[in-house]
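K.L.:
For reference, the structure I am asking about is given below.
The values are calculated or read from the model by the stated rules, or taken from the named source; none is laboratory data. This one's a predicted model, so the numbers in the text were calculated from it and none came from an experiment. Just the protein is used for accessible areas: all its heavy atoms, side chains included, with ligands, DNA and RNA removed. Shrake-Rupley method; radii C 1.70, N 1.55, O 1.52, S 1.80 Å.
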Amino acid sequence: MARKAIVQKDTGLVLNVIEIEPEANWPIPEGCLLVDAPTSGGVGDTWDGTHFGDAINSVPSTKKRWGKKK
């Protein structure tokens, strides 16, 4: 079995993590990528094309989202 992350192409968000036989002919959901994730990557994490980012560290702070408090 191989551990894979289902990643939304346009956002890099990990939608799910599955275990699948390497030779399985499984249809990848539309708009998604299937990425090797043997030791990292979990639901809510992000994928930048090379590395997984922690879900907690991927969420912008309130200050970044809404600007400086006046």
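K.L.:
Accessible area of ASP48, 1.4 Å probe, to the nearest 10 Å²?
P.N.:
Its heavy atoms expose roughly 110 Å² to the probe.
K.L.:
Here's a follow-up. Over the heavy atoms of THR50, what accessible area does a 1.4 Å probe trace out, to the nearest 10 Å²?
P.N.:
Surface open to solvent at THR50 totals about 90 Å².
K.L.:
Report the gain in length on full extension from TRP26 to MET1: 0.36 nm times residue separation, minus Cα-Cα distance, nm rounded to one decimal.
P.N.:
Numbers: separation 25, 0.36 × 25 = 9.00 nm, distance 1.33 nm.
Full-extension gain reported as 7.7 nm.
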